[in-house]
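> For reference, the structure I am asking about is given below.
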Amino acid sequence: MKVAVSGATGSLGCAVLKRLAEEGHEVLGLGRNEAKIDQLVNDGFNVIKCDILDVNAIENAIIDTDVFIHCAAYASPFGSRRKYFETNLQGTKNVFIAASYRSVKRVIVISSASIFDGGRPDIKHPDDLPHKSMRPKHPYGASKYDAELYCMAQEDVEWIGLRPRAVFGKGDETLIPRLERLVSKNRYFTIGKGDALIDVTCLSNFLDAVICAMDADESATKRFYNISNGDARSFKSIISAYANRGGKQAKHRRLPLLPILIYSRVVTLLASMIPGKTWEPSITTYGLRQVTRTLRLDISGAKKHLDWHPKLTFEEGMEELE
């Protein structure tokens with residue numbers, strides 16, 4: 001098939017681009033990072049510069065496209081509220097407008113488990129979008145929540161949404177850099193007890209889900225599916241496995257939660273007062289919540305309707321990082 005991938009210069013979009021090319025699809029990557037575009041082009045991939053906010057540019061790029069995989073997103077733990085909603089909500093709207101205009105057969109939307117950020121920590125979240133009273137307060141989760149609402153109202157374009165949680169693998173620019181902040185040469189740190197249960201997703205498992213979404217029957221469309229390894233681990237075990245990969249023997253040190261929570265709130269507030277938000281705090285209240293609050297996903301929907309099953313274990317995923 002002829003497939004277009006937005007966000008192709010980001011870690012997830014780039015991984016999707018390479019996987020589809022390996023499987024023999026004709027793939028066009030859309031991205032904004034010129035240096036990465038040049039690198040991918042030099043490596044033999046078809047990637048062009050295209051802003052997700054320019055609907056005309058998208059329309060011109062995706063002529064005769066069969067499937068559009070929408071990976072482009074603004075996922076920083078700190079930034080302008082306007083940028084979150086422009087990229088994550090308006091960008092999604094532009095993809096659907098362009099896909100409808102060019103009669104794209106299927107759109108696969110990559111959302112985020114952060115839409116559950118305002119929900120209960122004591123349950124496995126089903127595929128259903130939480131009630132609006134549970135809409136996340138952080139603009140990243142809120143913009144993804146609103147983008148899902150928009151998708152659910154679309155009838156003219158066949159679509160499937162994937163909602164992965166903490167994807168990690170080679171080239172990861174999201175989870176691994178955050179873990180690195182808690183690892184030094186001979187030790188690793190947890191904040192608080194480190195007992196929050198966190199679902200993570202091996203990159204290969206996520207890519208398998210994308211392939212399954214491309215091949216799924218029409219009966220599986222018009223809904224979002226949770227994607228993870230289906231094996232929630234405590235944050236302490238996750239950071240320990242990362243710090244000790246390759247046979248290392250790093251020591252554990254526990255940091256008290258309360259003073260770090262206070263510090264994160266103060267620096268986040270101060271940073272938000274700077275015009276343009278050019279300074280990102282080393283730790284934000286949002287980032288702290290991701291490693292201290294339990295979030296688990298029910299992935300039975302993807303297993304049933306997409307015929308997708310996570311193949312790689314957490315340990316095997318860690319081995320791929322070496």
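The values are calculated or read from the model by the stated rules, or taken from the named source; none is laboratory data. Just so it is clear, the structure is predicted and the values come from calculations on it, not from any experiment. Reconstructed Cβ throughout: ideal geometry from the backbone, glycine too, with neighbour counts over all protein chains shown.
> One residue is enough: does region 179-189 have a residue meeting the conditions among the aliphatic types (A, V, I, L, M) and without any contact (Cβ under 8 Å) to a residue 40 or more places away in the chain?
no
> Just wondering, is there one or more residues in region 98-117 that are under 24 Å from residue 317 (Cβ atoms), assigned to a helix (DSSP H, G or I) and touching an Asp or Glu at 6+ places or on another chain (Cβ under 8 Å)?
yes
> Can you pull out every residue in region 154-186 that is among the aliphatic types (A, V, I, L, M) and touching a helix residue (DSSP H, G or I) at 6+ places or on another chain (Cβ under 7 Å)?
157, 160, 162, 166, 167, 179, 182, 183
> Additional query: Do we find a residue being touching a helix residue (DSSP H, G or I) at 6+ places or on another chain (Cβ under 7 Å), assigned to a helix (DSSP H, G or I), over 26 Å from residue 207 (Cα atoms) and of a type outside the set (D, E, K, R) anywhere in region 242-251? Please lay out each step first, then the result.
Taking region 242-251 as the starting set, the residues that turn out to be touching a helix residue (DSSP H, G or I) at 6+ places or on another chain (Cβ under 7 Å) are 242, 245, 250.
Next, only the ones that are assigned to a helix (DSSP H, G or I) stay: 242, 245.
Add one more test, that the residue is over 26 Å from residue 207 (Cα atoms), and what stays is none.
For region 242-251, residues touching a helix residue (DSSP H, G or I) at 6+ places or on another chain (Cβ under 7 Å), assigned to a helix (DSSP H, G or I), over 26 Å from residue 207 (Cα atoms) and of a type outside the set (D, E, K, R): absent.
> Next question. Which one is surrounded by the most Cβ atoms within 10 Å (Cβ to Cβ), of the residues in region 176-206 that are in a strand (DSSP E or B) and of a type in the set (Val, Ile, Thr)?
In this case the residue turns out to be 201.
> Quick one: which residue in 210, 291 is closer than 16 Å to residue 178 by Cβ, assigned to a helix (DSSP H, G or I), within 19 Å of the chain's Cα centre (by Cα) and of a type in the set (A, V, I, L, M)?
291
> Continuing with the same structure: If you check every pair at least six apart or on different chains, which have Cβ atoms under 6 Å apart with a residue in region 41-52 that is farther than 22 Å from residue 73 by Cβ first and a residue that is part of a strand (DSSP E or B) and of a type in the set (A, V, I, L, M) second?
Sorted first by the residue in region 41-52, then by its partner, the pairs are 41/47.
> Okay, next question. Which of the residues that make up region 251-262 are surrounded by 12 or more Cβ atoms within 10 Å (Cβ to Cβ) and either basic (Lys, Arg) or at pLDDT below 90 (or both)?
Looking only at region 251-262, we keep the residues that are surrounded by 12 or more Cβ atoms within 10 Å (Cβ to Cβ), and these are 252, 254-255, 257, 260-261.
Listed by number, the list holds a single entry, 254.
> Next question, about the same structure. How many residues are within 26 Å of residue 113 (Cβ to Cβ), touching an Asp or Glu at 6+ places or on another chain (Cβ under 8 Å) and not in a loop (DSSP other than H, G, I, E, B) if we restrict to region 36-87?
Qualifying residue count for the region: 1.
> Could you please give the count of residues in region 120-175 that are surrounded by fewer than 17 Cβ atoms within 10 Å (Cβ to Cβ), among the small types (Gly, Ala, Ser) and in a loop (DSSP other than H, G, I, E, B)?
2
> What do you reckon, is residue 99 over 21 Å from residue 214 (Cβ atoms) and among the aliphatic types (A, V, I, L, M)? Outline the logic, then answer.
Values: over 21 Å from residue 214 (Cβ atoms): no; among the aliphatic types (A, V, I, L, M): yes.
When the stated conditions are applied, residue 99 does not pass them.
> Let me ask another. Within the bounds of region 297-310, is there any residue that is part of a helix (DSSP H, G or I) and farther than 22 Å from residue 162 by Cα? Give the derivation first.
Quick first cut of region 297-310, residues part of a helix (DSSP H, G or I) only: 300-305.
Then keep just the ones that are farther than 22 Å from residue 162 by Cα; that gives none.
No, because not a single residue in region 297-310 is part of a helix (DSSP H, G or I) and farther than 22 Å from residue 162 by Cα.
> Going by the structure shown, is residue 95 surrounded by 16 or more Cβ atoms within 10 Å (Cβ to Cβ), β-branched (Val, Ile, Thr) and either under 14 Å from the mean Cα position of the chain (by Cα) or assigned to a loop (DSSP other than H, G, I, E, B) (or both)?
no
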